[in-house]
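Written out below as structure tokens is the structure these notes cover.
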Amino acid sequence: MNMEVSNGNARYSLRYKVLGQLEESILNGEYQPGDYLVETKLSRQFGVSRTPIREAIRQLEREGLVKIVTNKGAMVLGVTDEDIEDIYNIRMEIEKLAVRWAIQKITPDEIEKLKEQVELAEFYINKKHCTRLQDLDTEFHRIIYDACKSRPLKHMLSDFHRYVQRARKTSLQTPGLAKEALKEHKEILETIIEENVDKAEALICKHIRNAKENLLKNHILLKTEEKDSIENSNNYNES
């Protein structure tokens, strides 16, 4: 193998690994808005040179997750309320297309998988075991995306899910909201089985709209809790 090509592939793989871990740390709240990503510190943490760190940070800037501040470095922006609003408004339109294509192309096996996700979600809600609900919710939508037989659409919608994963987790662990989401999933599944495109599009819009409203409430709650935690920590350190 050409050594130059091999080195190039290794560098790309390293940058991708660093990018993935930094992205995940921002999206799950490990890095808070206002925090700075320090290249030298991250270089030691990952055991790599500063080049893949710098390249990953540039990609994060293109994604809007960080902002480069002159003489200071990369400041974490995270996912804002405005981002959530935009993501869900865009997602609402794309999910309408997704459910329409799914009805046209879904297989009996995929319908059975949707039924299984609904049954599992109902089981865990009844047992008050809400920790698995985010994965089950994601899987329900993933099956619909798969049924579209469109890789670009699936990739786009999967990214949207990932960007709001933290707020979604908090929202779906609320029993009342989880039950409502399950009811909506059941209704969507029924319309897919009935091949009722108009009703399916209306229901998916209602589902996404409700999810957006709940996510925004939980995102505000998360930010308030984090602010209180920081203030309490500062007060403790000053005492």
Pairs needed: first member in segment 176-202, more than 24 Å from L215 (Cβ to Cβ) and modelled with pLDDT under 95; second member anywhere, small (G, A, S) and surrounded by fewer than 17 Cβ atoms within 10 Å (Cβ to Cβ); C-beta distance under 8 Å; at least 6 residues apart or different chains. none
Filter segment 130-175 for residues that are at pLDDT below 80 and more than 17 Å from Y88 (Cβ to Cβ); the one that is most open to solvent (accessible area, probe 1.4 Å) is T131
Might you let me know whether segment 81-88 holds any residue that is part of a helix (DSSP H, G or I), out of contact with any helix residue (DSSP H, G or I) (no Cβ under 9 Å at 6 or more places or on another chain) and surrounded by fewer than 16 Cβ atoms within 10 Å (Cβ to Cβ)? yes
Tally the residues that are small (G, A, S) and open to solvent by 70 Å² or more (accessible area, probe 1.4 Å), restricting the search to segment 50-63. 0
Among (1) at pLDDT 90 or above; (2) farther than 30 Å from E187 by Cβ; (3) open to solvent by 50 Å² or more (accessible area, probe 1.4 Å), F46 falls short only on (3)
Is it true that I125 is of a type in the set (A, V, I, L, M) and in contact with a Pro (Cβ under 8 Å, 6 or more places away or on another chain)? yes
Restricting to segment 14-37, name every residue that is free of Cβ contacts under 8 Å to residues at least 40 places away in the same chain and over 15 Å from E61 (Cβ atoms). L14, Y16, K17, G20, Q21, E24, S25, E30
Going through segment 28-63 in order, the residues found to be aliphatic (A, V, I, L, M), part of a helix (DSSP H, G or I) and under 12 Å from L77 (Cβ atoms) are L60
Only one of R100, R91 that is closer than 22 Å to K212 by Cα, in contact with a Cys (Cβ under 9 Å, 6 or more places away or on another chain) and surrounded by 13 or more Cβ atoms within 10 Å (Cβ to Cβ): R100
So which residues in segment 64-80 are of a type in the set (G, A, S), under 17 Å from the mean Cα position of the chain (by Cα) and either surrounded by 15 or more Cβ atoms within 10 Å (Cβ to Cβ) or part of a helix (DSSP H, G or I) (or both)? G78
Output the residues belonging to segment 106-121 that are touching a helix residue (DSSP H, G or I) at 6+ places or on another chain (Cβ under 6 Å) and open to solvent by 50 Å² or more (accessible area, probe 1.4 Å). K113, L120
Criterion first (over 21 Å from H185 (Cβ atoms) and free of Cβ contacts under 8 Å to residues at least 12 places away in the same chain) does I57 satisfy it? no
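The values are calculated or read from the model by the stated rules, or taken from the named source; none is laboratory data. Computed from a prediction, not measured in an experiment: that's the story for all the values here. Counting neighbours? That spans all protein chains shown, and the Cβs are built from the backbone with ideal geometry, glycine included. Surface accessibility is based on the protein's heavy atoms, side chains included, excluding ligands, DNA and RNA. Shrake-Rupley method; radii C 1.70, N 1.55, O 1.52, S 1.80 Å.
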